[in-house]
Amino acid sequence: MLVYRFRTWVLLLLVIFPDPSLSHFDSAKKKQMREKVRKMFYHAYENYMTHAFPHDELKPLSRSFTDSLGELGNLKLEHLPQNYNGTALTLIESLSSLVILGNCTEFERAVLWLSENLTFDVDARVNLFECNIRVLGGLVSAHILATDSTNRLVQGSYKNQLLVLAEDLGRRFLPAFDTPTGLPYAWINLKYGVMKNETTETSTSGCGSLILEMGALSRLTGDPRYESAALRALRKLWSMRSSLNLLGTTLDMETGEWIEHSSGIGAGVDSFYEYLFKAHILFGKEDFWRMFHSAYLAVQKYFRHGPWYHEADMRTGKATYWQLTSLQAFWPGLQVLVGDIAAANTSHREFVYVWKKFGVLPERYLLDHQMLHPTEKYYPLRPELAESTFYLYQATKDPWYMEVGETIVNSLNSYTKVEGGFASIRDVTTMQTEDHMHSFFLAETCKYLYLLFDDSFLVDRNYIFTTEGHPLPVLSAWQDRLPEIYIPSNWTYVKDEKQTKRSSAMSLQVCPALSLNAGHGEQLAESACHVLDARSDHKCFGDEECGVDSTSCRRRSCSMAGYCGLWLVKQKEIHWSSRPVVKYFATYERMRPSWKHSTPILQTQLFLYSKLIVVQSYIPTIIENTKPSRL
Ligand code: DMJ
């Protein structure tokens, strides 16, 4: 009887707190997964090279091609180029992935071909944002990789040809910025500049996600025009924020007026947030941090509901659309860079749940109606979930994320792999495929999956990835101020051996009930938001004895029956939390050792975390019941 009870307890504990070391992800398994992803990459790449190159993208079902650069972002498919034969878009997008996979021979072959054949002197109206992240970003990143001696390229064969091409493209972008507001046109004809009667409608991402590529181009060429144009646009956009520090989704770039006032963290806005923060990392400008700081706070305050992010009206902060979109899945990855692991993990789990429910991520799911969006049931091989999974694994080394990666790899192979490459899914309920393989499948999806299982490319290097997955090195020469200035002088590295033990993402979310470890000499770790209840039995006499909930970042209150929890209170009880900053620094100190072996980019972000937790300490906290966290 006693043995039976003991077994039951052990089983129960294992279910609740699975031991990460029990994961089946040993190094052999990791290698096997890496090889599986490598095979996926080459299946896609070789089919593109055979059936589509030098056109833009592969049509994997018909094994043909599409010259789609002019179609990207062009929902109404207007003003499509007539005599345009492609710019080898997928090859450009594959360059950095080839280096990461260690295929320098193919990389060199591609560089040589592009150097000799690529021209942007084509009569094609393209989307500035798409062309920037895919083509300019692809070229600039590949140029840097080609000049990095550690990539073992044949010395002397590379003579900056990609940079010359990138500069030519950058020059063709400039007329788009020649506007009274400094906000760029969304569309530009590569040969003729801005077309007559061009639309003045653009998006927040379109104006606010240019700084990484154009900034890098300026730093590499010494021509400041690209960076200043992108910066002017970004500043103007920021000046259009509401008093709540929210932005809309679409705007008129000529008048500087908002068109769509509702926004969230998904389509039309996503990379704006991403670039504010990544620009701070890349260029070290305090200004970017200040903007991101306010923007992130506003997102957490107005869009976040438990693990999900809905949309809200920038003027009132009132919720507008309750939708989960596939693009939002990048957000946990960004939160990892910021250092907000607990929040990242919470949202990431929801996306994983949705992935498993449908087999892939549907483009849009209506949270309020608990159903798929009637016309957006597709999955175009998007990378966002793989991207966040990669970042979370880097931060935590929790093998669970590799299991998620394995699920993604298996789904992609079972539902989207066809003889001629990988096909998009038209409808996740039927898994009917569509004749299109987007270039980001090679630039991002395969890359992040590969890096999840083999991050040797990142060892001893410090890169940020653009929104299209192209790596850019964080160089001190590019930084306006060196990162050291951000490190508070009172921070110390904790030397204690035990504390260097890596925590998993889940162990960072220590709730009072999880404090089992405490008796075994192990350190308690808290999440960014979590503050323990004063008493371990959750019993309380007043609100001050209840801590802060790790999932919602909301303060717990004491119920009538004397239990700590998230209880519904009247609106007037909304109050500003002003927890002593020192508490958060202490929390951070305990988390810090768990990052010790992370790659430099993640370490670079750690010092920024102190700033973020200060931000979070001023988030107004509304105590209420949270919605159930499952679809
Ligand atoms: C990519 O082109 C980029 O990641 C972009 O920022 C958003 N959408 C696609 C992938 O889904």
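The values are calculated or read from the model by the stated rules, or taken from the named source; none is laboratory data. These numbers were taken from a predicted model, which means no experiment stands behind them. Here the Cβ positions follow ideal geometry from the backbone for every residue, glycine too, while neighbour counts run over all protein chains shown. When the accessible area is computed, the model is the full protein with side chains, heavy atoms only, and any ligands, DNA or RNA have been set aside. Shrake-Rupley method; radii C 1.70, N 1.55, O 1.52, S 1.80 Å.
Here are a few things to note about the model shown:
- Flag for Thr467 being in contact with an Asp or Glu (Cβ under 7 Å, 6 or more places away or on another chain), of a type outside the set (A, V, I, L, M) and either open to solvent by 10 Å² or more (accessible area, probe 1.4 Å) or modelled with pLDDT under 95 (or both): yes
- For region 313-328, the set of residues classified as open to solvent by less than 60 Å² (accessible area, probe 1.4 Å), more than 9 Å from Leu366 (Cα to Cα), more than 16 Å from the ligand (Cβ to nearest atom) and not polar (S, T, N, Q) consists of Asp313, Met314, Gly317, Ala319, listed by residue number.
- Applying the criterion of being open to solvent by 10 Å² or more (accessible area, probe 1.4 Å) and hydroxyl-bearing (Ser, Thr, Tyr) to the residues of region 245-264, the residue that is farthest from the ligand (Cβ to nearest atom) is Thr255.
- Qualifying residue in region 201-213 (condition: farther than 30 Å from Leu452 by Cα and away from the ligand (no atom under 16 Å from the Cβ)): yes
- Selection count where residues are in contact (Cβ under 8 Å) with a residue 24 or more places away in the chain and open to solvent by 30 Å² or more (accessible area, probe 1.4 Å), scope region 175-199: 5
- Single residue of region 370-393 satisfying the filter (within 16 Å of the ligand (Cβ to nearest atom) and either among the small types (Gly, Ala, Ser) or part of a helix (DSSP H, G or I) (or both)) that is surrounded by the fewest Cβ atoms within 10 Å (Cβ to Cβ): Glu384
- Residue match in region 145-152 (condition: in a helix (DSSP H, G or I), away from the ligand (no atom under 16 Å from the Cβ) and more than 28 Å from the chain's Cα centre (by Cα)): yes
- Within region 206-228, being open to solvent by 20 Å² or more (accessible area, probe 1.4 Å) and either within 22 Å of Asn127 (Cβ to Cβ) or not in a helix (DSSP H, G or I) (or both) holds for Gly222, Asp223, Pro224, Arg225, Glu227, Ser228.
- Being at pLDDT 95 or above, among the acidic types (Asp, Glu) and more than 16 Å from the ligand (Cβ to nearest atom) holds for only one residue in Asp454, Asp480, Asp460, and it is Asp454.
- Region 389-447, residues that are closer than 27 Å to Thr375 by Cβ, under 16 Å from the mean Cα position of the chain (by Cα) and either at pLDDT below 95 or not small (Gly, Ala, Ser) (or both): Phe440, Phe441, Glu444, Thr445
- Out of Thr416, Thr430, Thr396, sole residue that is surrounded by 23 or more Cβ atoms within 10 Å (Cβ to Cβ) and more than 22 Å from Asn345 (Cβ to Cβ): Thr416
- Identity of the residue in region 265-299, of a type outside the set (Ser, Thr, Tyr), away from the ligand (no atom under 14 Å from the Cβ) and under 13 Å from Leu246 (Cα atoms), that ends up most open to solvent (accessible area, probe 1.4 Å): His293
- Within region 446-472, the residues that satisfy the criterion of being in contact with a Lys or Arg (Cβ under 7 Å, 6 or more places away or on another chain) and either among the aliphatic types (A, V, I, L, M) or within 20 Å of Gln335 (Cβ to Cβ) (or both) are Ile464, Glu468, Gly469.
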